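A.B. asks: Would you mind keeping the following structure in view while I ask a few things?
The values are calculated or read from the model by the stated rules, or taken from the named source; none is laboratory data. Predicted, not measured: the structure shown is a model, and the values here were computed from it. So basically every Cβ, Gly included, is an ideal-geometry build from the backbone, and we count neighbours across all protein chains shown. Surface areas here come from the heavy atoms of the whole protein model, side chains and all, with no ligands, DNA or RNA. Shrake-Rupley method; radii C 1.70, N 1.55, O 1.52, S 1.80 Å.
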Number of protein chains: 2
Amino acid sequence: MNKTPKITLSDVALAADVSPITVSRALRNPDKVSVEARARIDRAIHELGYVPNPAARALASGRTDIIGVIIPSVSNNVFADVMRGIDEGLQGSGLGVQLGTTRYSPTTEEDLIRVFLSQRPAGLIVAGHDQSPVARRLLEGADCPVVQIMEVGPAPIDLAVGLSHFQGARAGAAHLLAQGYRAPAFLGAQMDPRSQRRLAGFRACLADAGLDDDPVVTTPEPSSVSLGCRLLADLLARWPMTDAVLCNNDDLALGVLFEARRRNIRVPVQLGICGFNDHEMMSAAEPPLTSVATDRFSMGRQAVGLIRSRLAGVGPDRGSSVDLGFRLIPRASTARRDG
Amino acid sequence: MNKTPKITLSDVALAADVSPITVSRALRNPDKVSVEARARIDRAIHELGYVPNPAARALASGRTDIIGVIIPSVSNNVFADVMRGIDEGLQGSGLGVQLGTTRYSPTTEEDLIRVFLSQRPAGLIVAGHDQSPVARRLLEGADCPVVQIMEVGPAPIDLAVGLSHFQGARAGAAHLLAQGYRAPAFLGAQMDPRSQRRLAGFRACLADAGLDDDPVVTTPEPSSVSLGCRLLADLLARWPMTDAVLCNNDDLALGVLFEARRRNIRVPVQLGICGFNDHEMMSAAEPPLTSVATDRFSMGRQAVGLIRSRLAGVGPDRGSSVDLGFRLIPRASTARRDG
DNA sequence: TTGACGCATGACAGCGCTGTCATTCATGAT
DNA sequence: ATCATGAATGACAGCGCTGTCATGCGTCAA
């Protein structure tokens, strides 16, 4: 624990023969400082190994270079992709990420927002559009860009990047019907608001098709492959006539595939399987699994992009949202017609 | 962007009829303040909606309540589990997480360490034992607890929680031999230091068994299920006699399973498959996949635990490390003997 | 009664940086 | 020659909190 003697701005200023404030400017607004001064300052910084103190900067300026990210859970692998996008988007910006998880609890989310806002972050990224009224008010009052990710909705707090889960699931269900499946069911885990909207999309599609049965098995448990196995078992116990499943996400779909194989149910002939998100493994599976592809990576990247533009002053208007859409990727697991 | 009038410590002090410093103490060391004063202060904080300014706290005290986490990549799903453990371990501590990714670059790692240290974090968690000399020196000079996670090694910088990847892989390879496989091969992606050590463990086992062939296919690409498919194809092209594979991780193993099925190679009879980490999906697969189980969740949790004890003053000595070990979980994918 | 001690509290200064002026000096228009 | 203009730089104060003393007061042993 050998303490390094702390080097401050003034030390650099002394070495570069300018005033501390000029060093500060050289760091923040290099173009406001003459070329010669800047050169001397850069050299001094290098020689002394000066590293700015972010706390002092934050206190004096009321700003930090941190983007707060608030998501329900880190174990949900959808967020891993989003985080990667965020990380990528941050490259070269000098910004950092502070991470908080709500565990799907509205009050935890409120607390987190309060804590994050108290740090005066450069921006905030929050998952979803279903914040509590309190949380919403806090975010509306934030004096930094706020991006809601995962879905697009009618009234973004500030900015939003996502897709319509309702439409995505509806397209998945429509695909199953188009492939000739007569009795599609829905399997859902971790029924968060996005999952609820997927379920609604599924139901809407079935209603449009004049099917009035409602073969749906859901659980609040977090999603997993094993859970997919169990849910298929439940489903078949209650709706034995089921000939296709739309899964809330890809983990479940994979579980369904394994369980079908265990039971010698032939995919896609006896059972069609469609996932959601189109995780990389879907195309590698045997048979390859149909899924509704979402671009989680871009979601993160663009969320950061919006914040960065806002910070650069060229920012998008309040209320803008980016709909990344989705793509249905048909594969062998639903190829009853052509297969 | 309606600015809320900022409430400061002194506002609370005024309302509670004490001096600011007493409010500060009530927040940091509640037991140093009389019960009555504390009650008045708590009420004032609540009524005014006071939220402390972490930047000011950090500047004045030279400490923050942030734990820095430095990992190679967020897309590697091993780290998702570790992050969950960290998150869980942080519950109720008032500590937050700042995340940085090195992208497997030593210089990025050094920069990240410098930036994080400049914030005077409450603790630092870094992945692996293979920091560059510069990075190592920086970490040795840190005046906060530093925990190296993922593996245990001979000389931790400060604290370490992990396992021996060498021994884990060796056990996996030994299992394959014990099951009667005669020509096991190794498949590896994203050959980071941990993967290298797994490969070394595999080789050591084969050498001990007197096998001097070296059937190994690796790639620096990041791991994925599809990559598992491709690597199996490569492997069989070069070593057609292979009758079992030890995979660097579970994604690859899953890909191998799918590819085997595509080629009508029977698992476990014609090909044994063993993964590494024992991700949840392994037990759900058909057939269930053997894997070397590692406890990523505990790794994160215990890393935080060590930091918290250190902060509480009861901390473990410098140089202590926790070996979480591994467990070989035999499943049908290697049940040539009994299956 | 006296002094020593411990507890609760407060005064003061300063952490390292930046916002807001003010200043200097060279430039070009009048 | 005169003044307005703008670029580069600097002085000053203060962001909100906490470390380090110092203080007041009640308690207890001698």
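A.B. asks: Please give the average number of partner chain Cβ atoms lying within 10 Å of the Cβ of each residue in A:13-22, rounded to a whole number. It would help to have the intermediate numbers written out before the result.
C.D. replies: Details: counts 0, 0, 0, 0, 0, 0, 0, 0, 0, 0.
Across the residues of A:13-22, the mean count of other-chain Cβ atoms within 10 Å is 0.
A.B. asks: Name the residue farthest towards the positive end of the dipole of the protein assembly as shown from the options A:Ile66, A:Ile125, B:Ala335, assuming +1 on Cβ of Lys and Arg, -1 on Cβ of Asp and Glu, about the Cα centre.
C.D. replies: A:Ile66
A.B. asks: Can you pull the mean other chain C-beta count within 10 Å for peptide B:80-91? Provide the component values of the computation, followed by the final result.
C.D. replies: On the way: counts 8, 2, 1, 8, 5, 2, 2, 7, 4, 0, 2, 3.
Mean inter-chain Cβ contacts per residue within 10 Å come to 4.
A.B. asks: Among A:Thr294, A:Thr22, A:Thr218, determine the one that fluctuates most according to a GNM of chain A built with springs between C-alpha atoms less than 10 Å apart.
C.D. replies: Ranking A:Thr294, A:Thr22, A:Thr218 by mean-square fluctuation puts A:Thr22 first.
A.B. asks: Quote the FRET efficiency, to the nearest 0.05, computed for B:Ala207 versus B:Arg266 with a Förster distance R0 of 51 Å and r equal to the Cβ-Cβ distance.
C.D. replies: On the way: r = 29 Å, r/R0 = 0.57.
Taking R0 as 51 Å, the efficiency between B:Ala207 and B:Arg266 is 0.95.
A.B. asks: Given the options A:Ala160, A:Gly325, A:Ala44, identify the residue whose Cα lies farthest towards the positive end of the charge dipole of chain A (+1 on Cβ of Lys, Arg; -1 on Cβ of Asp, Glu).
C.D. replies: Checked the options; the winner is A:Ala44.
A.B. asks: Charges on Cβ only, +1 for Lys and Arg, -1 for Asp and Glu, centred on the Cα centroid of region A:207-280; of A:Gly275, A:Pro215, A:Cys229, which one is farthest towards the dipole's positive end?
C.D. replies: Going by the Cα projections, it comes out as A:Cys229.
A.B. asks: Further question: With only Lys, Arg, Asp and Glu charged, each at its Cβ (+1 for the first two, -1 for the last two), find how big the charge dipole of region A:278-317 is about the Cα centre; round to the nearest 20 debye.
C.D. replies: On the way: 4 positive and 5 negative charges, 71 e Å.
In debye, rounded to 20, region A:278-317 gives about 340.
A.B. asks: Under a point spin-label approximation (7 Å from Cα along Cα-to-Cβ), what is the A:Ser93-A:Asp143 distance to one decimal in nm?
C.D. replies: My value for the distance between the label points is 2.1 nm.
A.B. asks: Only four residue types carry charge here, +1 at the Cβ of Lys and Arg and -1 at the Cβ of Asp and Glu. Report the dipole size of chain B about the Cα centre in Debye, rounded to the nearest 20. Intermediate results must be reported in sequence, preceding the final value.
C.D. replies: Details: 37 positive and 36 negative charges, 63 e Å.
The dipole magnitude comes to about 300 debye.
A.B. asks: Å³ per residue of the Cα convex hull, for chain A?
C.D. replies: Values: hull volume 57.9 nm³, N = 339.
In chain A, the Cα hull volume divided by residue count equals 171 Å³.
A.B. asks: Further question on the same structure: Given q = 0.22, 0.23 Å⁻¹, what are the Debye log10 I(q)/I(0) values for region B:9-52, with equal point scatterers placed on the Cα positions and solvent ignored?
C.D. replies: Listed by q, the Debye log ratios stand at -0.58, -0.63.
A.B. asks: How much FRET efficiency would the formula 1/(1 + (r/R0)^6) give for B:Arg318 and B:Ser132, where r is the Cβ-Cβ distance and R0 is 30 Å, rounded to 0.05? Write out the running numbers ahead of the final one.
C.D. replies: Details: r = 21 Å, r/R0 = 0.69.
Once the sixth-power term is evaluated, E becomes 0.90.
A.B. asks: How big is the charge dipole of region A:296-339 about its Cα centre, in debye rounded to the nearest 20, if each Lys and Arg gets +1 on its Cβ and each Asp and Glu gets -1 on its Cβ? Could the numbers behind the result be given before it?
C.D. replies: Values: 9 positive and 3 negative charges, 36 e Å.
I would put it at about 180 debye.
A.B. asks: Further question on the same structure: In square angstrom, rounded to the nearest 10, how much accessible surface does B:Lys6 have for a 1.4 Å probe?
C.D. replies: 130
A.B. asks: How large is the direction-averaged shadow of the alpha-carbon convex hull of the protein assembly as shown, in nm²?
C.D. replies: Details: hull surface 133.8 nm².
Here the figure is 33.4 nm², rounded to one decimal.
A.B. asks: Highest first, please rank the peptides B:61-68, A:237-244 by the mean number of other Cβ atoms sitting within 10 Å of their residues. Don't jump to the answer; show the numbers that get you there.
C.D. replies: On the way: B:61-68: 19.4, A:237-244: 15.5.
Packing order, densest peptide first, comes out as B:61-68, A:237-244.
A.B. asks: Please give the average number of partner chain Cβ atoms lying within 10 Å of the Cβ of each residue in B:274-287, rounded to a whole number. Don't skip to the answer; put the middle values down first.
C.D. replies: Numbers: counts 0, 0, 0, 0, 0, 2, 7, 9, 2, 3, 14, 9, 9, 3.
The per-residue average across the peptide is 4.
A.B. asks: How many angstrom separate the Cα center of region A:160-225 from the Cα center of region B:88-107?
C.D. replies: Taking the Cα centre of each part, region A:160-225 and region B:88-107 sit 36 Å apart.
A.B. asks: Under 10 Å, Cα contacts only: if you run a Gaussian network model on chain B, which one of B:Leu311, B:Leu163, B:Leu124 comes out with the highest mean-square fluctuation?
C.D. replies: Greatest mean-square fluctuation among the candidates belongs to B:Leu311.
A.B. asks: Determine the percent antiparallel among the DSSP beta bridges restricted to chain A, to the nearest 5. Write down the numbers at each step before the final one.
C.D. replies: On the way: 3 of 39 bridges.
The answer is about 10 percent antiparallel.
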